[in-house]
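Take a look at the structure set out below.
The values are calculated or read from the model by the stated rules, or taken from the named source; none is laboratory data. Note that the coordinates shown come from a computational prediction; the quantities given were computed from them, not determined experimentally. FYI the Cβ positions are ideal-geometry reconstructions off the backbone, even for glycines, and counts take in every protein chain you see.
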Amino acid sequence: MTNRQSNIIFYSVISLIIYALIINYAYPEFFEDFSKSKEELSLKEAKQNGEHKKALNIYQQLVAERISDGDEKTAETATMYEGMADIYYKLGNDAEEKNHYLKSLNIKKKLKKNDMYGFAKTYFKLGLITEEEKQYDQAQQYFEQSLSIRLGNKGNETDQEKTEEQGMIEGMHESRLSYIRLNNEETINTLKKLGAIHKIKKEYPIAKQYYAKALAASKLTYGEDASETSEIKDLLNRVEM
């Protein structure tokens, strides 16, 4: 091979790499789509076009295939069930929405590893559904589960015990994670929901505690004068004692 041929090959490869990087930057889903099946691509298109019944049919086919292959108890299937739950929500079918979130939850409980924030979201969705059904005790349990996962509660160790066991650096890192877990929109919304549930149940001191926690987190997340913080102040002030 001559030097000229080597240079042509070299610069061709470099050009392809640069082209691929540009495509990945401008259209990050381009390469992801290569790994998807025809059904998955059709599902993506149907969801983008708002074709809910078509998307639901494709989901049902994909889930049936996974069950047939013995892959039902996987994180991927749990995600499909939640996708189906979302479509049932858009179609106004509350019973099937709840049913599919429960199917997803049942799988997630059996997995050794989970996306914990996804797990918390499942509990939160079920809390919203059961709250609408006026099943307040069940809704409270779901919201409590969601909150516990969001805060990363793993046991009854005190912060001091965990810090001593982990070492100073790791303990500081854990404290930072705890701060982030508490002071964010999802956690604040869960605290507000628990406050609302206890208010409905006329458990006013507990309701005030949850609203107070939501208020403290909102001040750090959104700011003292933010509309989100003002809303929680109003909710707290309207709780009877």
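Some notes on this structure:
- A Cβ distance below 9 Å, combined with a sequence gap of six or more or placement on separate chains, defines the contacts here; from the range 55-77, residues that are surrounded by 14 or more Cβ atoms within 10 Å (Cβ to Cβ) reach residues that are modelled with pLDDT of 90 or more and charged (D, E, K, R) in the pairs 66/76; 73/110; 75/108; 77/103.
- Flag for residue 132 being modelled with pLDDT of 95 or more and loosely packed, with under 13 Cβ neighbours inside 10 Å: yes
- With respect to (1) closer than 30 Å to residue 106 by Cβ; (2) modelled with pLDDT of 95 or more; (3) of a type outside the set (A, V, I, L, M), the lone exception for residue 152 is condition (2).
- Extreme residue, farthest from the chain's Cα centre (by Cα), among residues of the range 60-75 that are small (Gly, Ala, Ser) and more than 19 Å from residue 122 (Cα to Cα): 68
- Subset of the range 42-78 (residues that are farther than 20 Å from residue 110 by Cα and in a loop (DSSP other than H, G, I, E, B)): 49, 50, 51
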